[in-house]
Amino acid sequence: MVHSKKALGKHWAVSTGNMLAARAAQKILLRGGSAVDAAITADAVMGVVEPMATSIGGDVLAIITLAGEDPVAYNGTGRSPALLTSKLVSELPTQRIPERHPYSITTPGAVKGWHDLHQRYGKLDWEDLFIDAIHYAQEGFVVAEVAAREWKLFDFVLHTDPHCAQLYKAGHAPQAGTIFKNPELARTLRRIAHEGWQAFYQGEIPQRTEVAMVQVNGLLRADDFERHQGYFCKPLCLAHADYAFYQCPPNTHGCAILDALANTSWQSSSCATSDTLALIDATQAALRDAAKTVHDSGGNTVCTVIVDNDGNAITLMSSIFKRFGSGYVVPGAGFVLQNRGFGFAEVGHINEAGPNKRPYHTVVPGAVTKSGLFHLGLGVVGGLMQPQGQIQIMHQLFREGTPLDEALAHPRWRIEGDHLVALEPTMDSSLQLKIRQAGYKEPPKGVGDLAGRSDFGGAQAIQRLANNELWAVSDHRKDGAALAN
């Protein structure tokens, strides 16, 4: 199948992580559905075709930009179990929750998030949004190239839980081009479609989860599902000239993106090396500050950006955090549970683990308006690459004047620690040398999100051009696709 990575249209546009998701969103838009309807549809499909990245066992965040209105953020991140206490964490070897420990499992927020978004902004019937996701789960889908590669790389995650091993074929990862079916997930999605969000947060799913967690000394319980609520809120904003940059507030680290942009010059200099080093410095400082201060104020990810016929836009991102999340599934339900609890800091930190808390969250959907009107929807997947990727793309777009497709394709750097910076191999060799001479070292082997290798992320974006056309671009680094008309 040929995947289009760029598309230009006058009426609507879609940029998402898989062509099957893009086509599902397209169907919704052609039926008169809203951008939010189409985004939920695409996200549901992504949870089927990219199970290492997202699922109904994860979280969702979004920024919605309605024509003529200020953007609105939605936080659909789940809280920690009520049974999780700092005392329990203090008894762990490092006094911090390990990456895929049963304590890392937090309440899934995605399904309730879809419901809340649909209630406020949806136009089509709820059950219409799940037709394609159910079909691909039941009848199967062709595994895409990057998904197959990551499935194999992270096969080691699948062996701890025998239910997970069976569901995702541990030791026998499907190759690109082969068919994978998940009838258990089809059954769960069918119930959600026909019975509503309650089918996920009440009854069988929470009860099965509790039984499974008790068996592995996990803490998530049916009551945690019952208590979950997402919320709409005012996004953070940075104004510059005619532009306004929007990010979700804490518990996400969207603030780091705005801090880095605010602390770098908006004027391009004659020295690309100086510009790059200044941006790395500003980003490192912003991420350091976010790690110290971001907590609950009240990985791995997929992103969908959609603009509909009415000019309404959404950047929606969902995630189970690390590839295949916690590595624990809900038996018989067809999905893996997220491991967002790994985002909690050590005991005594402002972001320490505790009951009913939202952890520090890497998912950061972004939006930009120009003179009060939608200008750009942008999201980057890939754990801590998410804010760093947005910062670099924004730098290219608004400082260098780079076209959107070139900005997404531009070689990236990734901060992995204090003065540890991974560089994408396609970066100009002289620039790589200058960065190393400035004191930024190559991260040690084993550092990074992609099975010991640094992941430079994958972006989805839609920009409204000066002539009012919509320019949708999907990052070449992932399996994504762009459609427009």
Report summary line: So, first residue within 17 Å of Leu470 (Cα to Cα) and of a type outside the set (Gly, Ala, Ser) in segment 371-391, second residue assigned to a helix (DSSP H, G or I) and open to solvent by less than 10 Å² (accessible area, probe 1.4 Å), Cβ within less than 7 Å, six or more apart or across chains; the pairs are Leu378/Gln390; Leu378/Ile393
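Residues are listed down the side, and each one gets a yes or a no for (1) closer than 22 Å to Asn263 by Cβ; (2) open to solvent by 30 Å² or more (accessible area, probe 1.4 Å); (3) outside any helix (DSSP H, G or I); (4) among the aromatic types (Phe, Trp, Tyr):
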{"residue": "Ala367", "(1), (2), (3), (4)": "yes, no, yes, no"}
{"residue": "Phe398", "(1), (2), (3), (4)": "yes, yes, no, yes"}
{"residue": "Ile435", "(1), (2), (3), (4)": "yes, no, no, no"}
{"residue": "Lys445", "(1), (2), (3), (4)": "no, yes, yes, no"}
{"residue": "Phe456", "(1), (2), (3), (4)": "no, no, yes, yes"}
{"residue": "Gln460", "(1), (2), (3), (4)": "no, no, yes, no"}
Query - Residue list for segment 96-114, restricted to those being touching a helix residue (DSSP H, G or I) at 6+ places or on another chain (Cβ under 6 Å) and surrounded by fewer than 24 Cβ atoms within 10 Å (Cβ to Cβ) - result: Glu99
Query raised in the report: Which one of Leu220, Leu261 is more than 20 Å from the chain's Cα centre (by Cα), surrounded by 14 or more Cβ atoms within 10 Å (Cβ to Cβ) and not in a helix (DSSP H, G or I)?
Result: Leu220
Requested in this report: State which residue is nearest to Ile462 (Cα to Cα) when the search covers only segment 19-46 and only residues that are touching a strand residue (DSSP E or B) at 6+ places or on another chain (Cβ under 8 Å) and open to solvent by 10 Å² or more (accessible area, probe 1.4 Å).
Outcome: Gln26
Query raised in the report: How about segment 319-351: which of its residues are open to solvent by 10 Å² or more (accessible area, probe 1.4 Å) and of a type in the set (Val, Ile, Thr)?
Result: Val347, Ile350
Requested in this report: For segment 375-396, name all the residues that are buried (at least 24 other Cβ atoms within 10 Å of the Cβ) and either of a type in the set (Phe, Trp, Tyr) or assigned to a strand (DSSP E or B) (or both).
Outcome: Leu376, Gly377, Leu378, Gly379, Val380, Val381
Query raised in the report: Hey, does segment 137-147 have a residue that's part of a strand (DSSP E or B) and open to solvent by 60 Å² or more (accessible area, probe 1.4 Å)?
Result: yes
Report task. Filter segment 54-79 down to the residues that are surrounded by 24 or more Cβ atoms within 10 Å (Cβ to Cβ) and touching an Asp or Glu at 6+ places or on another chain (Cβ under 8 Å), then identify the one that is nearest to Leu220 (Cα to Cα). Result -> Gly78
Query raised in the report: Given the residues Val330, Val305, which is the only one that is among the β-branched types (Val, Ile, Thr) and more than 21 Å from the chain's Cα centre (by Cα)?
Result: Val330
Requested in this report: Under 9 Å between Cβ atoms, at least 6 apart or on separate chains: pull out the pairs that start in segment 410-430 with a residue that is closer than 17 Å to Asp281 by Cβ and end on any residue that is open to solvent by 80 Å² or more (accessible area, probe 1.4 Å) and not in a loop (DSSP other than H, G, I, E, B).
Outcome: Asp418/Arg288; His419/Lys441; Leu420/Lys441; Val421/Lys441; Ala422/Arg453
Requested in this report: Give the residue that is modelled with the lowest pLDDT, with candidates limited to residues of segment 313-340 that are in contact with a Pro (Cβ under 6 Å, 6 or more places away or on another chain) and not hydrophobic (A, V, I, L, M, F, W, C).
Outcome: Arg340
Query raised in the report: Of the residues Leu129, Leu117, Leu84, Leu124, which is within 27 Å of Met213 (Cβ to Cβ) and of a type in the set (A, V, I, L, M)?
Result: Leu84
Report summary line: Restricting attention to segment 166-192, the residues that are over 30 Å from Arg227 (Cα atoms), out of contact with any strand residue (DSSP E or B) (no Cβ under 7 Å at 6 or more places or on another chain) and either among the basic types (Lys, Arg) or surrounded by 15 or more Cβ atoms within 10 Å (Cβ to Cβ) (or both) number exactly 5
Report task. Would you mind finding the one in Glu195, Glu204 that is closer than 25 Å to His101 by Cα and either among the charged types (D, E, K, R) or surrounded by fewer than 19 Cβ atoms within 10 Å (Cβ to Cβ) (or both)? Result -> Glu204
Query - Unmet requirement for Leu124, which otherwise passes all of (1) aliphatic (A, V, I, L, M); (2) within 20 Å of the chain's Cα centre (by Cα); (3) not in a helix (DSSP H, G or I) - result: (2)
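The values are calculated or read from the model by the stated rules, or taken from the named source; none is laboratory data. Quantities reported herein were computed from a predicted structural model and do not represent experimental measurements. Because the Cβ atoms are built from the backbone with ideal geometry, glycine has one as well, and the counts that use them run over all protein chains shown. Surface areas here come from the heavy atoms of the whole protein model, side chains and all, with no ligands, DNA or RNA. Shrake-Rupley method; radii C 1.70, N 1.55, O 1.52, S 1.80 Å.
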